[in-house]
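The values are calculated or read from the model by the stated rules, or taken from the named source; none is laboratory data. Since the model is a prediction, treat every value here as computed from it, not as a measurement. Here Cβ is always computed from backbone atoms with ideal geometry, including for glycine, and neighbour counts include all displayed protein chains.
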Amino acid sequence: MSIQTITSVREMQKLSDNLRKQGKRIGFVPTMGYLHEGHASLVHLSQQRADITVISVFVNPTQFAPNEDFTKYPRDFERDCSIAEKAGAQIMFAPTTDEMYPHGYSSMIKAGNEAAKFEGVFRPTHFSGVATVVAKLFNAVKPHFAVFGQKDYQQTLVVQRMVTDLNMDIDLIIAPTDREVSGLARSSRNVYLSSSEKEKAAILYRALMNAADKRSNGERNREKLNEVLTQTLYTVPEINVEYAQAAHADTLDEPDYFEEQDNIVFLLAVRLGNTRLIDNYVWKT
Ligand code: PAF
């Protein structure tokens, strides 16, 4: 059966209501399209737990600042449908911008405390846009659970906070980051990288691994762990570091010394040429 495309919020809601009446479990994979193997792995994960997987493709204008890449964000809807279908999704929800933000639209969700640091410093309006669109997508798709990639680590904390704080009856599943052989995290934005930049971008994963090794060898001083991240990144002169920080994996707190039992997330955002890349790694006790 080929994938069913739905563009209207009302139609999506009706379909989900019918599926729920039939006792079907709905899994949801929200995306901004230009799908790759990483997205396919999110669909596979959903398929293992759902009767029906809905994937959405919507490049959300409210999560881009005016100076960011909203208009040039890569788009290829035909290809997205084919990848989503091959991965096993049954429904493609692809609303237009007018459908999601009709004339007069003016409500936004204020993202919780998790939004303030790291990405929040460099993209102050980003997480409010993410929280808003995710809430709207949840209200349209009415899923039992939704799958998010760990690649956008801070986003997963922000969305979890919103789901908890606003009593949304939706489980979140966080899927491991899909990587190329070089360690580079798969991302729709990798299409902006030249082949030589792609090789250089592998340094992000090396920085994460070096910091994780340092912690495994007993280092709990946060500044020292941060140093490993930045020093590794600085071996590639074309990389401009926005942040490279160790933080508590659950709270994003930054103590001088981590406790022995703390899970730690190493978070990176860099610019390479015109491309902004983020990545992270969670070191667990
Ligand atoms: O992670 C993304 O692709 C987006 O931030 C999301 C969750 C689809 C919201 O637009």
Requested in this report: Pull up the stretch 167-188, narrow it to residues that are among the hydrophobic types (A, V, I, L, M, F, W, C) and within 16 Å of the ligand (Cβ to nearest atom), then point me to the one that is surrounded by the fewest Cβ atoms within 10 Å (Cβ to Cβ).
Outcome: LEU172
Requested in this report: Taking GLN150 as meeting all but one of (1) free of Cβ contacts under 8 Å to residues at least 40 places away in the same chain; (2) at negative phi, write down the number of the exception.
Outcome: (1)
Report summary line: Among residues of the stretch 121-131 being of a type outside the set (A, V, I, L, M, F, W, C) and within 9 Å of the ligand (Cβ to nearest atom), the residue nearest to TYR281 (Cα to Cα) is HIS126
Query raised in the report: Do we find a residue being surrounded by 15 or more Cβ atoms within 10 Å (Cβ to Cβ), within 12 Å of the ligand (Cβ to nearest atom) and closer than 28 Å to ALA249 by Cα anywhere in the stretch 90-99?
Result: no
Query raised in the report: Being in contact (Cβ under 8 Å) with a residue 60 or more places away in the chain, away from the ligand (no atom under 14 Å from the Cβ) and closer than 28 Å to ASP169 by Cβ, is that true of even one residue in the stretch 62-76?
Result: no
Report summary line: For the stretch 34-45 the number of residues that are within 14 Å of the ligand (Cβ to nearest atom) and touching a Gly at 6+ places or on another chain (Cβ under 7 Å) is 3
Report summary line: If you go through VAL141, VAL191, VAL163, the only one that is under 18 Å from the mean Cα position of the chain (by Cα), closer than 27 Å to TYR101 by Cα and β-branched (Val, Ile, Thr) is VAL163
Query raised in the report: Any idea how many residues of the stretch 176-226 are aliphatic (A, V, I, L, M) and not in a helix (DSSP H, G or I)?
Result: 5
Query raised in the report: Name the residues in the stretch 11-69 that are within 20 Å of ALA131 (Cα to Cα) and of a type in the set (Phe, Trp, Tyr), would you?
Result: PHE28, PHE58, PHE64
Requested in this report: Could you tell me which of the residues LEU252, LEU229, LEU268 is aliphatic (A, V, I, L, M), in contact (Cβ under 8 Å) with a residue 12 or more places away in the chain and at positive phi?
Outcome: LEU252
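Identify the residue in the stretch 133-155 that is in a helix (DSSP H, G or I) and more than 9 Å from the ligand (Cβ to nearest atom) and, among all such residues, is surrounded by the fewest Cβ atoms within 10 Å (Cβ to Cβ).
Only one residue tops the list, namely ASN139.
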Query raised in the report: Is it the case that LEU15 is under 25 Å from VAL59 (Cβ atoms), more than 16 Å from the ligand (Cβ to nearest atom) and either in a helix (DSSP H, G or I) or modelled with pLDDT of 95 or more (or both)?
Result: yes
Query raised in the report: How many of the residues in the stretch 105-120 are in contact (Cβ under 8 Å) with a residue 40 or more places away in the chain and either within 11 Å of the ligand (Cβ to nearest atom) or in a helix (DSSP H, G or I) (or both)?
Result: 4
Query raised in the report: So, of the residues in the stretch 156-166 that are of a type outside the set (S, T, N, Q) and assigned to a helix (DSSP H, G or I), which turns out to be surrounded by the fewest Cβ atoms within 10 Å (Cβ to Cβ)?
Result: ASP165
Query raised in the report: How many residues are touching a Lys or Arg at 6+ places or on another chain (Cβ under 6 Å), among the aliphatic types (A, V, I, L, M) and in a strand (DSSP E or B) when one looks only at the stretch 227-263?
Result: 1
Report summary line: Picked from the stretch 46-60 (must be in contact (Cβ under 8 Å) with a residue 12 or more places away in the chain and surrounded by fewer than 17 Cβ atoms within 10 Å (Cβ to Cβ)), the residue nearest to the ligand (Cβ to nearest atom) is ARG49
